[in-house]
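The values are calculated or read from the model by the stated rules, or taken from the named source; none is laboratory data. Keep in mind that what you see is a predicted model, and the values were worked out from it rather than measured. Here Cβ is always computed from backbone atoms with ideal geometry, including for glycine, and neighbour counts include all displayed protein chains. All accessible areas refer to the heavy atoms of the entire protein, side chains included, with ligands and DNA or RNA removed. Shrake-Rupley method; radii C 1.70, N 1.55, O 1.52, S 1.80 Å.
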Amino acid sequence: MCGIVGYIGTKQAYPILIKGLKRLEYRGYDSAGVALISNNRHLNVYKAKGKVSDLEGFAAEKDISGTVGIAHTRWATHGEPSRANAHPHYSSSENLALIHNGIIENYATLKEKLQSKGYQFKSSTDTEVLVQLIDYIMVTNKLDLLSAVQLALQEVIGAYAIAVLEKNNPDQIVAARKSSPLVVGIGEDEFFLASDATPIVEYTDKVVYLDDEEIAIICRGEELKVVDFRNVEMNPEIREVKLNLGQLEKGGFPHFMLKEIFEQPDCIYDCMRGRINVDADNVVLSAVIDYKEKLLGARRFIIVACGTSWHAALIGKHLIESFCRIPVEVEYASEFRYRDPVIDEQDVVIAISQSGETADTLAAIELARSRGAFIYGICNSVGSSIPRATHTGSYIHVGPEIGVASTKAFTGQVTVLAMLALTLAKEKQSLPREEFLEIVKELSHIPEKMKKVLELNHRIAGLSQIFTYAHNFIYLGRGYSYPVALEGALKLKEISYIHAEGYPAAEMKHGPIALIDAEMPVVVIATHNGLYEKVLSNIQEIKARQGRVIALVTEGDNVISGIADYCIELPATLECLDPLITTVPLQMLAYHIAVCKGKDVDQPRNLAKSVTVE
Ligand code: M6R
């Protein structure tokens, strides 16, 4: 979703801002803009619909001088993608320019009030209302920018990260956050501002993550000052970020998504490093050990998440229930937060999120916390809002995920959930020792087996060409493979725009079978596990209706190869770890179909990487 970048220092701001916007492109956006206070003290705002490169084209002949500026990528909420609706927005006096990520929920009321005072609006956005409100408060009360921002934000209902530039004060940026992320980077005689650390890491590793209702006053040549909305001075914690620049580049791959698919063996290895010790037959997630009474004493676990993370949660339910015999419920965070769920201090809520910024998941956490539940986070993005809002948790350690379609984060989440279930099972002694040891050992072999799956890339690319004609796909799986079917279908929808649905294979008879004809591709996860025979019958039912079956099978399976139209042979593993293997060819299938169809794989239309509004 919207991306924010800011710079103040001794260098020219424009190239830093543009590079920063490019680093944030992965979040998803439809227009971009920049505001700079030029060397001759003009507040220049340039905006363009489309990509950051369109903005560069537009600004090419203009005055882009200045050592202070703010820039933005917009993901439309209020008003269509257009130059007028792109940020930064000027105040009517053109003394202020503001960028915003989030939603001002009471913008209509505020707009009416401002219109009655004579303010006019050039855009349909909620953001323009906020900049006009700040301007109005400044002018009518003769206040400085900080005081006006503080008063304005007390009137605003909603979620936001904002940054404001004032023409009359070229030595300062004022930035604030509530429920949307904002990071300040501290360099030598310079400061950076961004929605996450990716635009900052090539200049400095020192950052401050702003907390809710905090305002940063970023002044040239001064120390960073952080206050709350009522001007109480805060003591910001300066943290070190350890992001490797190579992780933010494509490294020779045509797309981030393919790079991230191929990184999975290393990512899973990193995720398990220091947590699994095969020689000592042990798995330890330190957060589980630290809070084992709380976790083992829970009446039930509730896992909240969205999208791909929700699919990982379904696998987590299966793992925890079968290893630990603790009941687990899985909820969409967006539903959970609004349905007044029965929840109390005997419950443990596990929140899963790659970005750590998903607004619905954050709100679900807040609700559960307010009812006394203990909250465990499983996140990728270090220092993001969800890890800071939970009691404890585990990072998945798979490195920055830039492709909008989540790949390595999913397998990282499943790996952490497997380790969490194993650690609890060991503490609870709920798994027979032999079985525990077998799973631990097999988990440690998953990276090698994933590498074998990646060798199928060319074959899957070839197969993909056959299916570009399709307007619909069905994905089927049972048990641990059902969430994989959902995930495979989601990947295809997201990046190829082909309609795809995942179903538990046995549900097909209860309706979706009506869709099957000679045109319909059906992807069936049919690896050798407990329900193999049942899935085989499901494949027969599809073939009896001329459906085109693409089956994921275990190496050496010569039964399904005689029935399915196409088989993808995968290394054998334990049923409970099968999702870590079967997900990978489905990611590749979706990727190659989208590439064949000429789609923008890394930045698919309408999608955002961090869904920071509900
Ligand atoms: O950052 P989160 O894991 O909380 O994000 C949740 C979903 O928005 C995300 O998984 C989304 O479904 C992905 N684009 C899937 O590829």
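A few points about this structure:
- Rg(Cα)/(2.2 N^0.38 Å) for the stretch 316-390, N = residue count: 1.07
- Aspartates and glutamates with Cα under 19 Å of K317, excluding same-chain neighbours fewer than 8 positions away: E329, E331, E335, D347, E427, E435, E487, E575, D578
- Straight-line reach from K452: taking Cα to Cα under 12 Å and skipping same-chain neighbours fewer than 8 places apart, the aspartates and glutamates in range are E555, E569.
- When the P(r) is computed for the stretch 254-363, the part past 18 Å accounts for 62% of the Cα-Cα pairs.
- In the stretch 19-84 the Cα-Cα distances spread across 5 Å bins starting at 0 as 4, 19, 28, 25, 16, 7, 2 percent of all pairs.
- Largest first and in whole Å, the equivalent-ellipsoid semi-axes of the stretch 430-548 read 28, 20, 12, each the square root of five times a Cα gyration tensor eigenvalue.
- Partners of K493 within straight-line reach, counting aspartates and glutamates whose Cα lies under 14 Å from its Cα and excluding those fewer than 8 residues away in the same chain: E501, D600, D602.
- Counted over the chain, the DSSP beta bridges are approximately 60% antiparallel.
- Size descriptor, Kirkwood hydrodynamic radius, that averages inverse alpha-carbon separations across the stretch 77-122, Å: 11.8 Å
- Label-point separation, R605 to K543 (7 Å along Cα→Cβ), nm: 3.8 nm
- As a fraction of the 1.4 Å probe accessible area of the chain, surface on carbon and sulfur atoms comes out at 48 percent.
- For the chain, Kirkwood radius (reciprocal of mean inverse C-alpha pair distance, Å): 25.5 Å
- Per-peptide average of other Cβ atoms within 10 Å, ordering 119-128, 174-183, 338-347 highest first: 174-183, 119-128, 338-347
- Global geometry of the stretch 438-508, whether rounded, prolate or oblate, following the gyration tensor of its Cα atoms and the 1.5 cut on a/c: oblate
- Between the helical axis of 13-23 and the longest alpha-carbon principal axis of the chain there is an angle of about 20 degrees.
- Across the stretch 207-224, the residues whose backbone nitrogen lies under 20 Å from the label position 7 Å along the beta-carbon direction of E366 are 209-216.
- Gyration tensor verdict on the stretch 470-614 (Cα atoms; rounded if a/c is under 1.5, prolate if a/b is larger than b/c, oblate otherwise): prolate
- Over the stretch 227-325, accessible surface divided per residue gives 50 Å², non-protein components excluded, 1.4 Å probe.
- Relative to its Kirkwood radius, the Cα radius of gyration of the stretch 122-250 gives an Rg/Rh of 0.99.
- Area projected by the alpha carbon convex hull of the stretch 30-177, averaged over all directions, nm²: 8.0 nm²
- Cα long-axis angle, helix 107-116 against the chain (0 to 90 degrees, to the nearest 10): 20 degrees
- Rounded if a/c under 1.5, otherwise prolate or oblate - the stretch 491-547, Cα gyration tensor axes: oblate
- Calculated on alpha-carbon atoms, Rg and Dmax of the stretch 176-297 in Å: 19.6, 56
- Non-local Lys pairs in the stretch 204-298, i.e. 8 or more apart or on different chains, that have alpha carbons under 25 Å apart: 7
- At 1.002 mPa s and 20 °C, Stokes diffusion of the stretch 354-507 via Kirkwood alpha-carbon radius, µm² per second: 117 µm²/s
- For the chain, the longest principal axis of the Cα atoms and the long axis of helix 256-272 meet at an angle of about 70 degrees.
- Mean-position separation - Cα centroids, the stretch 441-473 and the stretch 395-429, in angstrom: 20 Å
- If you take the Cα centroid of the stretch 318-391 and the Cα centroid of the stretch 1-70, the two points sit 37 Å apart.
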